[in-house]
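Presented below is the structure to which this report refers.
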Amino acid sequence: MKRYWILAALATAALTAFGQGAPDFSKVEIKTTKHSNNFYTLDGQGGRIGILTGPDGVFMVDSQFAPLSEKINNAIKAVSGGAPIKFMINTHVHGDHTGGDENFGKMGVTIFSRPQLRNRLAHPNPGPNGQPGRPMPAAGLPLVTYTGSLTFNMNGEEVRVIGIPRAHTDGDTIIYFVTNDVIMTGDFFRSVGYPNIDRANGGSLRGMSDGLARVVALAGPNTKVVPGHGPITDRAAVMAHRDVLLGVQRKVSDLVKQGKSETDTVAAKPAGEFNSRVPEGGPTEDRFVGQVFQELKAN
Ligand SMILES: [Zn+2]
């Protein structure tokens, strides 16, 4: 019981860091969406999970928050016929995507990530008030790291795991399920709100723009693009999102060249003309403009 409370408190701290209210995890339900006979997505609280099922065992993408692990495990069992969860990939370090890693690691799931992500789990940044971050216990640290890409051949599917350097964070990965024609992007592409470049965790504007271009190049017109947050969408939406990112970059760059401060740049609302193209519900214009300003100013 004590352990549960510690994990719940940490998850709450992580959520507060994302600027959201603290949820009551006991009330969260895991909603399963079936996309094909062997591919499902799970939505609860936090980042979206992907599940590939079949006789070779379950392959899973991300783990949401620790207090939800049991519910998530039950939701997986309901569609996997009890096959064991063999592998998990983390798309990036944030707690709403990796919070359950320790619990799944203890169940015997082998976790994979890019080395930058593993390093940030082991040595997290301080919290918003400067309090030390809680390092991920050994059982939750990825057992295997990869620097480029990996392919899993499981359940009749070719799963391409492709590193995306320095985008939303410095440990991002996309997962392309070739036969299902599904790409999971983690959070460097989200279908609601403005982009979120987590510079403190190694994210960058350039990497995000390159990553979006990579998704556009990989995807076909019918590919399902599954973001970490927001409705499941398609290649055209990723192209539109990249256009907004590059458009805001140009506007902010002009203001930086004029010698404007960050406060003045944000107040000038340089993203204003793009607002109608950005679905509501995610990161704000002001935060994104601030992130773009900081990156352009630093270069
Ligand atoms: Zn994130």
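The values are calculated or read from the model by the stated rules, or taken from the named source; none is laboratory data. Model, not experiment: these values are computed from the prediction. Ideal geometry is used to build each Cβ from the backbone, glycine not excepted, and the neighbour counts take in all protein chains shown. Just so you know, the surface numbers come from the protein's heavy atoms only, side chains and all, with ligands and any DNA or RNA stripped out. Shrake-Rupley method; radii C 1.70, N 1.55, O 1.52, S 1.80 Å.
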FRET efficiency, residue 74 to residue 232 (Cβ-Cβ, R0 30 Å, nearest 0.05): 0.85
Qualifying aspartates and glutamates (Cα of each under 16 Å from Cα of residue 71; at least 8 residues distant if same chain): 24, 29, 43, 62, 96, 101, 102
Given the chain, longest segment not containing exposed loop GluC sites (Glu not before Pro) (DSSP; at most 13 other Cβ within 10 Å): 30-279
Built amide H within the under 5 Å cut-off of residue 111, gap 5+: 88, 143, 144
For the range 2-234, share of DSSP beta bridges that run antiparallel, in % to the nearest 5: 70 percent
Alpha carbon centroid spacing (whole Å) that separates the range 247-273 from the range 75-107: 41 Å
Length added when fully stretched, residue 32-residue 299, from 0.36 nm per residue minus Cα-Cα: 91.8 nm
³J(HN,Hα), Karplus 6.51/-1.76/1.60, whole Hz, each residue of the range 58-75, x for Gly, Pro: 8, 10, 10, 10, 6, 9, 6, 8, 3, x, 9, 4, 5, 5, 5, 4, 5, 5
Gained length - residue 240 relative to residue 210, 0.36 nm times residue gap less alpha-carbon distance: 9.4 nm
Value at 222 nm in deg cm²/dmol, rounded to 500, when DSSP H runs of n ≥ 4 in the chain each add -39,500 (n - 2.57): -10500 deg cm²/dmol
Residue 160-residue 258 FRET efficiency (beta carbon distance; Förster radius 45 Å; 0.05 resolution): 0.55
The chain: angle of helix 235-257 to the longest principal axis, Cα-based, in degrees nearest 10: 40 degrees
In Hz, Karplus ³J(HN,Hα) per residue of the range 28-42 (6.51, -1.76, 1.60; θ = phi - 60°; x = Gly, Pro): 6, 10, 8, 9, 9, 10, 8, 9, 7, 5, 9, 10, 9, 10, 10
Apportionment of accessible area to carbon and sulfur, the chain, percent (1.4 Å): 51 percent
When each of 34/106; 77/224; 224/257; 27/269; 224/297; 31/224 is checked by Cα-Cα distance, pairs over 30 Å: 224/257; 27/269; 224/297
GNM flexibility winner over the chain from 263, 223, 147 (Cα, springs under 10 Å): 263
